[in-house]
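Working notes, beginning with the structure itself.
The values are calculated or read from the model by the stated rules, or taken from the named source; none is laboratory data. Please read all numbers here as calculations on a predicted model, not as lab measurements. So basically every Cβ, Gly included, is an ideal-geometry build from the backbone, and we count neighbours across all protein chains shown.
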């Protein structure tokens, strides 16, 4: 597929830093997407700064480093940013040492406890934090619902309704949030993309000039919309949840569209 410029004045050579999504961009499930190693080789060679900023909070930064390492890509821990990390900072900065009822993975649990939060399975909690949890049960939903109805803060790590995998589109964290919102009549506070917090943290860490930073992702409603709202350029890849039909029907339009990171790398190399 040829590059389709929605703003013809844009030039890939403008970009000096990237905020990169992972699921549907770098891999689907545990399967690396085409051109993964070559993409990072290109970024390192050209001195393009990046942060891997994922809405998926299921793994710790170290686990994401290991996952990429197994795919042949060496990443530093400080180049990883998850919605779980930003959620933990959000809660800890407002209520240090708070008790948290968690629907989420062990990786998210570790991130919360590193920030001094007390993750509890029963009893009172000041916050209910919800991240993707493949082992969630009805009892977990009941406990969370009762706590939220009792006044606990309702925090969603991310609003993604689906999760791309080798098997297809699976239910994402947004589906769990919708269940709890329906059962409590309380709207969750969303921390991950498209909210600004993850982009703000990534931009501060890289220290890059705003007009030269792009968001790279596969979701129009989170990666692209969030990046544009933060003042970033935007690159959409069609290797995840967005296809051409969704793109054509959306009011959110990126600056560039590519099949995948392989075609992005090839085009970028051609203009440098």
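List of remarks:
To keep it simple, each residue is scored yes or no on (1) within 30 Å of residue 147 (Cα to Cα); (2) under 13 Å from the mean Cα position of the chain (by Cα).
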| position | (1), (2) |
| --- | --- |
| 175 | yes, no |
| 179 | yes, no |
| 187 | yes, no |
| 190 | yes, yes |
| 196 | yes, yes |
| 215 | no, yes |
| 220 | no, yes |
| 223 | no, yes |
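- Scan of segment 105-120 for residues that are assigned to a loop (DSSP other than H, G, I, E, B) and either surrounded by 14 or more Cβ atoms within 10 Å (Cβ to Cβ) or modelled with pLDDT under 95 (or both), ordered by number: 105, 115, 117
- Of the residues making up segment 231-251, those that are free of Cβ contacts under 8 Å to residues at least 40 places away in the same chain, assigned to a loop (DSSP other than H, G, I, E, B) and either in contact with a strand residue (DSSP E or B) (Cβ under 6 Å, 6 or more places away or on another chain) or surrounded by fewer than 17 Cβ atoms within 10 Å (Cβ to Cβ) (or both) number 5.
- Flag for residue 57 being touching a residue at least 60 places away in the same chain (Cβ under 8 Å), assigned to a loop (DSSP other than H, G, I, E, B) and surrounded by 15 or more Cβ atoms within 10 Å (Cβ to Cβ): yes
- Assessment of segment 179-189 against the conditions (at pLDDT 95 or above and within 14 Å of residue 21 (Cβ to Cβ)) yields no matching residue.
- Among the residues of segment 192-211, those that are surrounded by 19 or more Cβ atoms within 10 Å (Cβ to Cβ) and under 16 Å from residue 20 (Cβ atoms) comprise 192, 193, 194, 198, 199, 202, 203, 208.
- Scan of segment 78-104 for residues that are in contact (Cβ under 8 Å) with a residue 12 or more places away in the chain and part of a helix (DSSP H, G or I), ordered by number: 78, 79, 83, 84, 85, 86, 87, 88, 89, 90, 91, 92
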